[in-house]
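One structure below.
Laboratory data are not the source of any read-out in this text; all were calculated from the coordinates shown. Since we're looking at a predicted model, the values are computed, not measured. Glycine also receives a Cβ, built like all others from the backbone with ideal geometry; neighbour counts cover every protein chain displayed.
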Amino acid sequence: MTYLSNFLSRFSPNVLWAMGGIVGILVLATIIVAILKMAKPGKDFGELSMRVRTWWVMATVFCLAVTINKRISLVFIAFLSFLALKEYLSMVPTRRAHHRVLFWAYLAIPFQFLWIGLEWYGMFIIFIPVYMFFILNIRMVAIGDTEDFLRSAGTLHWGMMITVFSLGHMAYLLVLPSAGNPAGGGPALLLYLVFLTQFNDVSQYVWGKSFGKHKITPSVSPNKTWEGFLGGFATTLALAFFLAPLLTPLTRWESILAGTIISVGGFLGDVTISAIKRDLGVKDTGASLPGHGGILDRIDSLTYAAPLFFHFIYYYHY
Amino acid sequence: MSAFLRLLFFLCIIRPIIMVILGLNIRRRELLPTQGPAVLAANHNSHLDTMVLITMMPLRLLRKVRPVAAADYFLRNGLLAWFSLSIIGIIPIRRKKADGAPDSDPLEPCYQALARGDILIFFPEGTRGEPESISGFKSGICKLGKRFPEMPVIPIFMHGLGKSLPKGEGILVPHFVDVFVGEPLRYEGKSEIFKEELEARMLGLAKEGDFPAWK
């Protein structure tokens, strides 16, 4: 018992409450799926229950990884970044001649997260868009094969920005000075961002399934509707407003703005990755998460929401 | 002793590399054999192919899983020979020399292993060839089938390993690996028909992925 209380005392009480809330939502989702199964025995809910099961795994791993200890959290997000880049590079067309250029791209990940660990903001913010931008081009020039040069370079830089630079912002939230957020420091901010982004995804989906009529992006993601987008937006706004005092230093008005940024940003990130999948003719970015598809399918919204939320809160509070 | 080293090598080094650095997306894993004799007939692009196939099989079958490999390449020096034979557990076969056929059937060690109930990893293309492309099958697979007509031959298509470690490259660049397991096939009728059927299945598996050409 003392072990447990020692263990729990490492977490801020607000973060514990938030994690308790996440567990509550998952319990509710599990019960709903069980009731649906009993109510409609003929229908197949395999996909849905698989999805909920995967949510349990993802939520547990994420909550533990980002709260136990800062170093573990950074390694975890770096690993997430690695998985996302790997999925991206496995999905897009690459050239054999650029084998070693891709290796250099992967090498950027430990460096980027080292800058974050050192709390070297200036380097964190320019390393990918300036230095890696130049270095990868130079490496390609050194190989000397100019066929499809622009296409290869463009594809690679795009992947670096989305999977390393954007997602790295999740990690930088963790190293922001804890004085800036008395409610629970960096982990609380990250929990706020990730919970709202993921909840926004699910609620846009549920609102769309229930009331969806008018397509919002017919040629990119035909299942998305205005009803889903707006329903999800309203839900996320309400949650952002009520959770802000628990997890963030945001004022009331700022929390409404944060909710807007996360909901709209998340939607735009989602449809951007959808556009790429459509371009490449793939349904999912991978198959690592049963019921969800790949890692990028799950964190597509975060690729936009994370940097947008970060720079919003950084501007106002740090 | 070497059986223990072999277990340690696959458990502590190869599995983590294959599962974490690369990552497998396996379709129809349930079609893999649970006992020998059987042949896993896969396309061949990279030295990692063998490692992936061994990783996919449960550890309790590890001592039965034997990759068939060219003696002239893998036994070319003492250290490599020890590593190939004891740790990877290859069955070395002598490829035909340019100046003529060897005296006996080079697949003889394979027949013996199958008779013991081993599960062979066999690359019907004979060589790694160009990365991410399939070349025509050699006749070896037919000889194995003909000798053991009851034995299942499982076609397996892998994509991504040629990109991760192409022939002639020393640096591993992570890519997710797709592994498509096909329905088991048994030898019937004639060698040519068996070979064509197996090739057709392999191409069918390759088409499932709709992968862009890699060059």
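Residue B:104 to residue A:209: FRET efficiency via 1/(1 + (r/R0)^6), r the Cβ-Cβ distance, R0 51 Å, to the nearest 0.05? Each step should come with its number before you reach the end.
Numbers: r = 67 Å, r/R0 = 1.32.
So the FRET efficiency works out to roughly 0.15.
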Normalised by the number of residues in chain A, what is the relative contact order in percent for Cα pairs under 8 Å and 6+ residues apart? 19 percent
Quick check: from the Cα gyration tensor, does chain A come out rounded (a/c under 1.5), prolate or oblate? oblate
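Please say if chain B is rounded, prolate or oblate, where rounded means a/c under 1.5 for a ≥ b ≥ c the square roots of the C-alpha gyration tensor eigenvalues, and otherwise the choice is prolate for a/b larger than b/c and oblate otherwise? Don't skip to the answer; put the middle values down first.
Numbers: a/c = 1.27, a/b = 1.07, b/c = 1.19.
It comes out rounded by the Cα gyration axes.
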Scalar couplings 3J(HN,Hα) for the range A:183-193 by Karplus 6.51 cos²θ - 1.76 cosθ + 1.60 (θ = phi - 60°), nearest whole Hz, x for Gly and Pro, are 5, x, x, x, x, 5, 4, 5, 4, 4, 4
Any idea what the dipole of the range A:80-175 comes to, in debye rounded to 20, about its Cα centre with Lys/Arg Cβ at +1 and Asp/Glu Cβ at -1? 180 debye
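Helix-derived [θ] at 222 nm for chain B: sum -39500 (n - 2.57) over DSSP H runs of at least 4, divide by residue count, nearest 500?
Details: 8 runs with 64 residues, N = 215.
My calculation for chain B gives -8000 deg cm²/dmol from helical runs alone.
At most 14 other C-beta atoms within 10 Å and a DSSP loop state: those are the exposed GluC sites (Glu not before Pro) I care about. Give me the longest piece of chain A that has none.
Values: sites that count: A:119, A:147.
That would be A:148-318.
Give, in nm to one decimal, the length gained when the segment between residue B:12 and residue B:72 is fully stretched (0.36 nm per residue of separation minus the Cα-Cα distance).
Details: separation 60, 0.36 × 60 = 21.60 nm, distance 2.86 nm.
Extending this stretch completely gives an extra 18.7 nm.
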Taking square-rooted eigenvalues a ≥ b ≥ c of the alpha carbon gyration tensor, is the range A:8-125 rounded, prolate or oblate, where a/c under 1.5 means rounded and, failing that, a/b exceeding b/c means prolate? oblate
Going through A:37/B:207; A:40/B:207; B:64/B:195; A:70/A:209 one by one, the pairs whose alpha carbons sit over 31 Å apart turn out to be A:37/B:207; A:40/B:207; A:70/A:209
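Mind listing which GluC sites (Glu not before Pro) in the range B:111-210 are in a DSSP loop and have 13 or fewer other Cβ atoms within 10 Å?
On the way: sites: B:125, B:132, B:150, B:169, B:188, B:192, B:196, B:197, B:199, B:208; in loops: B:125, B:132, B:150, B:169, B:188.
Taking the range B:111-210 and a limit of 13 other Cβ atoms within 10 Å, the loop GluC sites (Glu not before Pro) found are B:150, B:188.
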Rounded Å value of the spacing that divides the Cα centres of the range B:142-168 and the range A:220-255: 51 Å
Each label point is 7 Å from the Cα along the Cα-to-Cβ direction; what then is the distance between the points at residue A:50 and residue A:8, in nm? 3.6 nm
